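Participant: One structure follows; several queries about it will come next.
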Amino acid sequence: MSGDALTRVRDALAARGCRIVPAKNGGFKAQCPSHDDGTPSLDVKQGDTVQGVVIICRAGCTREAVLSALRLTEADLFDAPRTARDGRDASQAHPRAYRPDRAASQPSQGLTAVTVSELREAPTDPGGDEPGTHLPRPIGGAVCEYAYHDANGVRVGVVVRLEPKSRGFLQYSGDGSSGVPDAADGTPHPLKVTLYRLRELLAGIAAQRTGFVVEGEKDVGAMWAAGFVTTCNAGGADKWRDDHARPFAGAKRVVVIPDNDASAGMGHAIAVCESLRRVVPDVPVKLVELPRELNGYAVKDAASFFAAGGTARELRRLVEEAPDWPGATPGDAASWLDGFAPRMSDLILRPELLAVPTPCIPFLAWDGRVTLFSAREKSGKSTLVGQAVAAMTRGAPFL
């Protein structure tokens, strides 16, 4: 297979102004055009005749999102018409391939009719991010759009992810009109109380599958691709309502996975857990934190966990090892924290950790605490610590 397709992708990246760095495998690394990428996180290399050009964003962007940002299609990744191993056209054989003909009649995988028997037989879902091209009018900078449907399959709203990420998201009503205003009587807009991929979630619960809650739609797509029944609420952190917890009634178990982004992700996850305990108290709940680094890559959320090489088996292990959320079993929140290093969740559940401990060196070190010194090189950090330790060992005053 020649390198024509690889050149096509390289030229498209160069046209977008993305920095390109050659790699030893004959491919290259580049700044991802689908998110605000300071350091090249996009791996591109030549695959075989079935794979075509292989594109992997280590920050978690899907291949479809990258192609959309480059104005390319799946066919542009191949030098010749795609042919799968079994002789079928590969655009039909690849479950995650974006096809405009399908998108015109099915704006989102949320429209897919899923039955309990189908879910048991095929636990993975062919859904995923799709380029934002289905709204009644064009949206500049749109990368992906996610349609929300109620339990009857009626579209209640659309969330559009923009590029770069700093531009945030847009929300549209089910008819494509801009915004999601509440009703005059105060009734919230349906998008604000409907879970993403609700119909698939309900089918999974009926099939006695564990339900997962993550923070964003991109994470939902990555989780479904790995075989997990997953959902989220529109707007992410601070937008969860008790109405979102009601569909989990009768679930085998619910697992909440926070984003690794300081207090916002954990605060949202704790709010979800508490809501589930109030609304569906008979359903076991777990809060599972992902590792912050995997295979040398930072893990920010479920999508980046799998992009960094995480596996479904590894995630299942994390779920089984995690304790139940407080209140699911006898005991208090303190018992749930046994064996865990203090994090933001610890401080929320155990405010006594915020109490000022006894100082062993005034203003510098405290009993049972670790002090981190940060300053420019050659600014005297080592000298300061050395003098402090020397004074403490002699029993002499310091500063």
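The values are calculated or read from the model by the stated rules, or taken from the named source; none is laboratory data. Note that the structure is predicted; figures quoted are calculated from it, not measured. Cβ atoms come from the backbone with ideal geometry, glycine included; neighbour counts cover every protein chain shown.
Participant: Could you figure out which of (1) among the acidic types (D, E); (2) under 21 Å from R278 (Cβ atoms); (3) in contact with a strand residue (DSSP E or B) (Cβ under 6 Å, 6 or more places away or on another chain) isn't true of E217?
Facilitator: (2)
Participant: Do we find a residue being surrounded by fewer than 24 Cβ atoms within 10 Å (Cβ to Cβ), part of a loop (DSSP other than H, G, I, E, B), touching an Asp or Glu at 6+ places or on another chain (Cβ under 8 Å) and not basic (K, R) anywhere in the stretch 201-215?
Facilitator: no
Participant: Write out, first by first residue and then by second, each pair whose Cβ atoms fall under 8 Å of each other, whose residues are 6+ apart or on separate chains, and whose first residue, in the stretch 70-86, is under 16 Å from R10 (Cβ atoms) and surrounded by fewer than 14 Cβ atoms within 10 Å (Cβ to Cβ) while the second is of a type in the set (K, R) and at pLDDT 75 or above.
Facilitator: From residues that are under 16 Å from R10 (Cβ atoms) and surrounded by fewer than 14 Cβ atoms within 10 Å (Cβ to Cβ), there are no pairs.
Participant: Scan the stretch 167-192 residue by residue and report those that are outside any loop (DSSP other than H, G, I, E, B) and within 28 Å of H35 (Cα to Cα).
Facilitator: R167, F169, L170, Q171, Y172, S173, S178, L191, K192
Participant: Name the pairs: first residue in the stretch 383-394 and over 13 Å from T371 (Cα atoms), second residue surrounded by 15 or more Cβ atoms within 10 Å (Cβ to Cβ), Cβ to Cβ under 6 Å, at least 6 apart or on different chains?
Facilitator: Cβ pairs passing all conditions: A391/F398; M392/I361.
Participant: Being farther than 17 Å from Y297 by Cα and either buried (at least 18 other Cβ atoms within 10 Å of the Cβ) or of a type outside the set (S, T, Y) (or both) is the filter here, so list the residues in the stretch 45-58 that pass it.
Facilitator: K45, Q46, G47, D48, V50, Q51, G52, V53, V54 - these are the residues of the stretch 45-58 that are farther than 17 Å from Y297 by Cα and either buried (at least 18 other Cβ atoms within 10 Å of the Cβ) or of a type outside the set (S, T, Y) (or both).
Participant: Quick test for you: out of V285, V319, pick the one residue that is touching a residue at least 40 places away in the same chain (Cβ under 8 Å) and touching a Leu at 6+ places or on another chain (Cβ under 9 Å).
Facilitator: After ruling out the rest, the residue left standing is V285.
Participant: Taking the conditions exactly as written (closer than 19 Å to A303 by Cα, buried (at least 20 other Cβ atoms within 10 Å of the Cβ) and at pLDDT 85 or above), does C61 satisfy them or not?
Facilitator: Taking the combined requirement at face value, the residue does not satisfy it.
Participant: Please determine whether any residue of the stretch 244-263 is over 22 Å from V156 (Cα atoms), touching a Ser or Thr at 6+ places or on another chain (Cβ under 8 Å), of a type in the set (K, R) and surrounded by 17 or more Cβ atoms within 10 Å (Cβ to Cβ).
Facilitator: So far as the stretch 244-263 goes, yes, one or more of its residues are over 22 Å from V156 (Cα atoms), touching a Ser or Thr at 6+ places or on another chain (Cβ under 8 Å), of a type in the set (K, R) and surrounded by 17 or more Cβ atoms within 10 Å (Cβ to Cβ).
Participant: Something else: Taking the residues in the stretch 288-316 that are of a type in the set (A, V, I, L, M) and touching a residue at least 40 places away in the same chain (Cβ under 8 Å) as candidates, determine which candidate is farthest from M223 (Cα to Cα).
Facilitator: Ranking the candidates gives A308 first.
For (1) of a type in the set (S, T, N, Q); (2) at pLDDT below 90; (3) touching a helix residue (DSSP H, G or I) at 6+ places or on another chain (Cβ under 6 Å), each residue gets a yes or a no:
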residue	(1), (2), (3)
E289	no, no, no
R313	no, no, no
V319	no, no, no
A334	no, yes, no
G339	no, yes, no
L347	no, yes, yes
T358	yes, yes, no
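Participant: Quick one: how many residues across the stretch 226-261 are in contact (Cβ under 8 Å) with a residue 40 or more places away in the chain, part of a loop (DSSP other than H, G, I, E, B) and closer than 17 Å to P188 by Cβ?
Facilitator: Count: 4.
Participant: Identify all residues within the stretch 1-42 that are surrounded by fewer than 12 Cβ atoms within 10 Å (Cβ to Cβ), in a loop (DSSP other than H, G, I, E, B) and free of Cβ contacts under 8 Å to residues at least 24 places away in the same chain; write none if there are none.
Facilitator: If the condition is that a residue be surrounded by fewer than 12 Cβ atoms within 10 Å (Cβ to Cβ), in a loop (DSSP other than H, G, I, E, B) and free of Cβ contacts under 8 Å to residues at least 24 places away in the same chain, then G17, K24, N25, G26, G38, T39 are the ones that fit.
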